[in-house]
Amino acid sequence: MAHSARPTTPDNKVPQRKKRPLWARFLRWGLLVFAGFHVYCVLVLVYLRFLPPAFSMVQLQHRVEVAFEGEWLEVRMLYRPMTAISSHLQHAVVAAEDTRFFEHDGIDFDALEQAMSEKRNSLRGGSTITQQLVKNLFFTTHRSYLRKAMEFTIAPLAELILPKDRILELYINVVEWGKGVYGAEAAARYHYHIPSSKINRNQASRLAACLPAPLTRKPQAMNRYSRIIQKRMRAMGY
């Protein structure tokens, strides 16, 4: 005997999965990308705790920009451990870029507040050395609120994974000191034709004075700011 088909009624309909609104899908994917990027950064930072970086995102950015102009960027970068870099240069970089480097946990809120109040009259911004290392490793030099927000979340992770001395060593070895010139060793050879271990106090303060604008500043022209940096060095006991 044939069975008749079961009638479809509102009570026995298969429930349809409610489709998420567009904003919720965008938010979900945004959170996944945000989390994935942070996982990537953590893995890279763990690697950098023991090994030197092969390149930085800022280096890659500059190579791409030059390539679009039909040119080739010769990159000078010679990684050196802290024991092979002049202590004068280490101290000058801290004095110029982040005087509270050994006191904060990646973000210096006092320096941020001061930089915001002084605005253009300040000789240095509110970013810490840790934030600047994060920028060099994972971002480009293009300014954006998103990049700043990401720096604020990744810098504390860098402080958790890397010792302070390692953060400073990495920063001094990847930071830009001229077109295609990255790191202390390349900077010392390019500007003074000597290894970074031989940099004296005056040369160190002049090199550190170039860091806010390495493509336009030259060590030999940094008379006033280099004196300010040396004054800071003395105040810090260096």
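Just so you know, all these numbers are worked out from the coordinates, no wet-lab data involved. Please read these numbers as outputs of a predicted model, since none were measured by experiment. Cβ placement follows ideal geometry from the backbone for every residue including glycine, while neighbour counts extend to all protein chains displayed.
Values for this structure:
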quantity: Cα-centre dipole for the range 86-238 with unit charges at Cβ (Lys and Arg positive, Asp and Glu negative), debye to 20; calculated: 840 debye
quantity: Value of [θ]222 nm, deg cm²/dmol, for the chain, DSSP H segments ≥ 4, -39500 (n - 2.57) each, nearest 500; calculated: -17000 deg cm²/dmol
quantity: Extension reserve of the V66-T140 stretch, reckoned as 0.36 nm per residue once the Cα distance is removed; calculated: 25.2 nm
quantity: Mean-position separation - Cα centroids, the range 98-114 and the range 127-165, in angstrom; calculated: 13 Å
quantity: Tilt relative to the chain, helix 145-161 - C-alpha long axis, 0 to 90 degrees, to 10; calculated: 80 degrees
quantity: Linear extension gain, R234 paired with Q114, 0.36 nm per residue minus alpha-carbon span; calculated: 41.0 nm
quantity: Convex hull of the chain built on C-alpha atoms - directionally averaged projected area, nm²; calculated: 22.2 nm²
quantity: Added length on full extension, which subtracts the Cα-Cα distance from 0.36 nm per residue, F34 to R224; calculated: 64.2 nm
quantity: Degrees, to the nearest 10: 87-97 long Cα axis against longest axis of the chain; calculated: 60 degrees
